Amino acid sequence: MEITRRGAIGGALTASMAMRNGVARADSKTVYLLTWGGTIQAMLERDGWAAKFNAATGYSVVLVPKATGTEIMATAIAQKARPQVDVVQSDLLPWLTGIDQDLFMPLDAAGVPNLADVYPAARIKDRQGKTVYGVEPYGDVFALIYNKDVFAQNKWAPPTQWTDLERPEFQGHLLLPPGTSAYGLYALIILARAHGGSERDIEPGFAALKKIAPGVVDWSNTFAKMSQFLQDGTAAIAFHGIAGALDMQRRGLPVAYALPEPVYLSPTAMGIMKGAPNPAGARAFVNWWISPEVLRYRAETYGQTVTNPKAILSAEAAAKLPDAARLSHMVEIDYYTVLANRDAWVDRFQRELVER
């Protein structure tokens, strides 16, 4: 989402002042949030939610924005010996490296009461599955997005299952993300599972992608490019997420989307730095961030699928997003297996698919 230049500069200046000399100010009333800018910066600064957090808890929040999940986690890991931020939020996969680095403190419902309300699968545990170190506030449910006009002109039936990406008529009309993106890795895993494999047996996924790779118009590494190709008919069907589909629809693009079973969620992960300057404020922020009020806003405004079932959505928003019944059947992925194999998969993806 576009934000005002004034808001962007204001956020950057605030972060710069907060981090002056590389050390966060020891202020018991300020919480330093390391995450993306974008919609979070717009929400906190432009739309007044930083003020709402202050009114609800007595704490202030300072955003320390980075562009990608990888940058977020690199920043957090660099601060391990002397943390300068309190709360860290990124994509789940890079965030998990923080658990391996002993970066986060445990979370429990005593310090973060709303933790008890989120779906159990949204409580992030260590490799042994014992200690909760983080929470998934929301995520983007994967979908097949297609150009309704192109489908109507060709009299194609809308997609209903993940393997529809392999339908012969779609060859030469496909948009898929590259393996360097989380979306590309999910496409690999989902197709592996659809053909009897899994993240522990990835070969069926590579076999399926090799079958359709010649029919891929573009391995779209940006959402803007994917939107343009779907809008002008260069491509007819894409693998992405509901949030992207809803954004396209808001902008008037002639797209619809399908949510094949099973449901897969690309989660956002949040945790508190061990040795954080303000652990009490950090717990207050995490608790507020996963509250029904905040998550309802994220779902209604940005099309994100939230993990607290107490966040009751409007009828309009609820009709566009997966309901609790569908989310209860959401597939859980062994992310630690994915993390261990990510580099090798990305290399193969580029060599065997994108660059072939």
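First select every other residue whose beta carbon is under 12 angstrom from the beta carbon of Leu339; then total the charges, Lys and Arg +1, Asp and Glu -1.
With Lys, Arg at +1 and Asp, Glu at -1, the net is -3.
Sorted from fewest to most neighbouring beta carbons within 10 Å, what does the list Phe229, Phe349 look like? Don't jump to the answer; show the numbers that get you there.
Details: Phe229 19, Phe349 24.
Starting with the residue having the fewest Cβ neighbours, the order is Phe229, Phe349.
Can you work out the FRET efficiency for the pair Ala81 and Ala110, with r the C-beta to C-beta distance and R0 = 30 Å, to the nearest 0.05?
Working: r = 28 Å, r/R0 = 0.93.
My answer for the efficiency is 0.60.
Across region 161-287, the relative contact order, built from alpha-carbon pairs under 8 Å that are at least six residues apart, equals 26 percent.
As a proxy for reagent exposure, ranking Phe223, Phe285 by other Cβ atoms within 10 Å from fewest up yields Phe223, Phe285.
What is the projected area of the convex hull of the Cα atoms of region 250-317, averaged over all directions, in nm²? Walk me through the intermediate numbers first.
Details: hull surface 27.1 nm².
Hull-based average projected area comes out at 6.8 nm².
The order of the peptides 29-42, 146-159, 84-97, 63-76 by mean Cβ neighbours within 10 Å, most packed first, is 84-97, 29-42, 63-76, 146-159.
Each of Asp126, Asp108 was scored by other Cβ atoms within 10 Å of its Cβ. Listed from fewest to most, they are Asp108, Asp126. Simple spin-label estimate for His195 and Arg251 gives 3.2 nm between the two label positions (7 Å along the Cα-to-Cβ direction from each Cα).
For Lys320, the aspartates and glutamates whose Cα comes closer than 18 Å to its Cα, not counting residues fewer than 8 places off in the same chain, are Asp140, Asp247, Glu261, Glu300.
Values of log10 I(q)/I(0) for the chain across q = 0.06, 0.14 Å⁻¹ run -0.22, -1.20, by the Debye formula with one identical scatterer at each alpha carbon and no solvent.
Below 12 angstrom from the Cβ of Leu353, what's the summed charge of the other residues (Lys, Arg +1; Asp, Glu -1)? Summing Lys/Arg as +1 and Asp/Glu as -1 gives +2. Averaging 1/r over every pair of different alpha carbons in region 114-158 and inverting the result gives a Kirkwood radius of 14.0 Å.
Quick one: which of Lys52/Lys125; Lys130/Lys274; Lys148/Lys225 span more than 20 angstrom between C-alpha atoms? Too far apart for the 20 Å limit: Lys52/Lys125.
Here the sum of -39500 (n - 2.57) over DSSP H runs of 4 or more residues, divided by the residues of the chain, equals -11500 deg cm²/dmol at 222 nm, to the nearest 500. In units of the compact-protein estimate 2.2 N^0.38 Å, region 117-229 shows a Cα radius of gyration of 1.26. Measuring how big region 78-144 is from its alpha-carbon positions, Rg and Dmax come out at 12.9, 44 Å.
The calculated Kirkwood hydrodynamic radius for region 273-356 is 16.3 Å, given to one decimal from all distinct C-alpha pairs.
In terms of its C-alpha gyration tensor, region 210-356 comes out oblate, because a/c is 1.5 or above while a/b does not outweigh b/c. Rounded to the nearest 0.05, what FRET efficiency is calculated for Arg351 and Gln228 with R0 set to 45 Å and r the Cβ-Cβ distance? With a Förster radius of 45 Å, E is 0.95. Applying the Karplus relation 6.51 cos²θ - 1.76 cosθ + 1.60 with θ = phi - 60° to region 89-97 yields 3J(HN,Hα) values of 10, 7, 4, 4, 4, x, 4, 4, 4 Hz, where x marks Gly and Pro.
At 25 °C and 0.890 mPa s, grab the translational diffusion coefficient of region 208-297 from Stokes-Einstein with a Kirkwood Rh over Cα pairs, rounded to a whole number in µm² per second.
147
All of the numbers you see were taken from the coordinates with simple rules; none came from a lab. On a predicted model such as this, the values are computed, not experimentally measured, just so you know. Positions of Cβ are backbone-derived with ideal geometry, glycine not excepted, and every protein chain shown enters the neighbour counts.
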